[in-house]
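Notes to accompany the following structure.
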Amino acid sequence: MRRTGWPHALLLIGASLLAACATAPNRAPPDAACAGPLAGIDARVARAGVRDADSAPVPGWPWLRVNRVLASFADEALTPAARAAWLAQLSALDADSRAVEMAALGAAPADPLGEACRARLIAATLTNDAAFAALRQRARVPDSYSTGARVLGLYPLAAHLAGRGVARLQAAHTPRAGVLPAPETRVYLPPRIHPALPASVELPRDALGLPHPNAATRRALLDAHAPVWLVDTASADDRPGAVHLDGVGNPRLDAVPTVYEYLSYTRFEGAVLLQLNYTLWFPARPPAHRFDVLAGRLDGLVWRVTLDVDGQPLLWDSIHPCGCYHLWFPGPRLTRQIRRDKSEPPWIGPTLTPGAPLAVQVAAGTHYIRAVGTLPDGLHGEHMSTRDYDELRRLPDASGGVRSLFGSDGLVQASARAERFLLWPLGVVAAIAAAAVWLR
């Protein structure tokens, strides 16, 4: 995703003038035999509108992509081994995204560059100090905000009003400790009840410090920390399922209770920590009233467990796939501190204690988290199936091919909410695009 607005055009002009005076290259050393064909492939991807938004391209390095965790290493002093590991991770992100794009194009091979070419390009960049320095400057993930829209939308006032709304939301919907199932609550159990893990879990790490559990450890961790879901159910829109595409490419859910899983990383106090992610998808968020701007098709909830360096839970958090309603649940290893700046305060729920499987109670309709606690004795429910979250980037479509649930901007167009027309003063690019269409 990229920024829009005339202030950024001026910044780009200034940047180009400075680049003309610089001596460092602004792209990787040329290797026509390897990287040359990528320009044509990228053009095909752009025409078809199937660019994978899972990571960001690195300008000038068409065989590399970056995410925020890897971008955080760009300004740090790296050992030769860490440099090689960093480049290998950037290249692996590109190979993964290209596999998704090639599948959407119905083309082969999955990785048009190939392992041999990737190895050559990595070696050439590692031995070229000027090129590597330029790469470090460009390995950034653009944000999704527009300064121009914020100026036109009187951002300080809009942010103040939005902040008041956020404060009211947090006051009204902060989860309680301890779940209280009601008669309309459906219970969804993890597919596998894994025995408790040892007090310390040793995870192999690369030269960057990124933990890389093998398949068996990955499965054991995901099973051990999977929550039990207690979903208050008022309608079919409160029943989590597996995502499919209908005949015109819109997402639909089946009736099989499903949780989507994936791993991610974060950095904390000098260490790279492993995160376990569990996502539920619901058919919709139904309207609470006639003018409910938050209602719409397809809704979801993400539960995430951040593991400390010894593999034990450090904290838990949740968010909706819209990037909204981010809630933190600290563990006993963390201490709360009072913020003295004017930024939006984090939304913090009750402190949780590792041990027995956690139960997460979800409200009907809004799919807000109502409570988190240990599972009450004697509670039974349906066992969920698990799917890899990456499957959503390769869903079968009506034509016999595959396509991603997410557009090139990372959004699910079918899930658009009327709320977006109110958010453009905050500089949210997706909201600006929606407002532009509405004003035509």
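Quick notes on this structure:
- Here the condition is being assigned to a loop (DSSP other than H, G, I, E, B), at pLDDT below 95, surrounded by 15 or more Cβ atoms within 10 Å (Cβ to Cβ) and not small (Gly, Ala, Ser); of 423, 411, 379, it holds for 411 alone.
- Selected residue [of a type outside the set (Gly, Ala, Ser) and under 20 Å from residue 72 (Cβ atoms)] from 315, 327, 301, 280: 315
- The range 359-376 - residue that is assigned to a loop (DSSP other than H, G, I, E, B) and more than 26 Å from the chain's Cα centre (by Cα) and, of those, surrounded by the most Cβ atoms within 10 Å (Cβ to Cβ): 375
- So residue 339, is it more than 15 Å from residue 362 (Cβ to Cβ) and not in a strand (DSSP E or B): yes
- Selected residue [of a type in the set (A, V, I, L, M) and within 26 Å of the chain's Cα centre (by Cα)] from 87, 152, 121: 87
Every residue, every condition in (1) touching a residue at least 60 places away in the same chain (Cβ under 8 Å); (2) surrounded by fewer than 16 Cβ atoms within 10 Å (Cβ to Cβ); (3) within 14 Å of residue 225 (Cα to Cα), yes or no:
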site: 314; (1), (2), (3): no, no, yes
site: 323; (1), (2), (3): no, yes, no
site: 327; (1), (2), (3): yes, no, no
site: 346; (1), (2), (3): no, yes, no
site: 350; (1), (2), (3): yes, yes, no
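- The lone criterion from (1) at pLDDT 90 or above; (2) over 23 Å from the mean Cα position of the chain (by Cα) left unmet by residue 317 is number (2).
Here is a yes/no grid of residues against (1) surrounded by 13 or more Cβ atoms within 10 Å (Cβ to Cβ); (2) in contact with a strand residue (DSSP E or B) (Cβ under 7 Å, 6 or more places away or on another chain); (3) at pLDDT below 95; (4) of a type outside the set (Ser, Thr, Tyr):
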{"site": "9", "(1), (2), (3), (4)": "no, no, yes, yes"}
{"site": "36", "(1), (2), (3), (4)": "no, no, yes, yes"}
{"site": "68", "(1), (2), (3), (4)": "yes, no, no, yes"}
{"site": "87", "(1), (2), (3), (4)": "yes, no, no, yes"}
{"site": "90", "(1), (2), (3), (4)": "yes, yes, no, yes"}
{"site": "93", "(1), (2), (3), (4)": "yes, yes, no, yes"}
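- Which numbered condition residue 356 fails, given (1) in a strand (DSSP E or B); (2) over 21 Å from the mean Cα position of the chain (by Cα): (1)
- Among the conditions (1) assigned to a helix (DSSP H, G or I); (2) surrounded by fewer than 17 Cβ atoms within 10 Å (Cβ to Cβ); (3) not assigned by TED's automatic domain parsing to the domain that holds residue 60, residue 143 misses just one, which is (1).
- Single condition residue 289 does not satisfy, out of (1) assigned to a strand (DSSP E or B); (2) closer than 13 Å to residue 366 by Cα: (1)
- Positions within the range 73-94 being in a helix (DSSP H, G or I), of a type in the set (Gly, Ala, Ser) and over 15 Å from residue 56 (Cβ atoms), in sequence order: 81, 82, 84, 85, 88
- Among the numbered conditions (1) assigned to a loop (DSSP other than H, G, I, E, B); (2) at negative phi, the only one that residue 119 does not meet is (1).
The values are calculated or read from the model by the stated rules, or taken from the named source; none is laboratory data. Given the structure is predicted, the values throughout are model-derived calculations rather than measurements. Note that each Cβ is placed from the backbone with ideal geometry, even for glycine, and that neighbours are counted across all protein chains shown.
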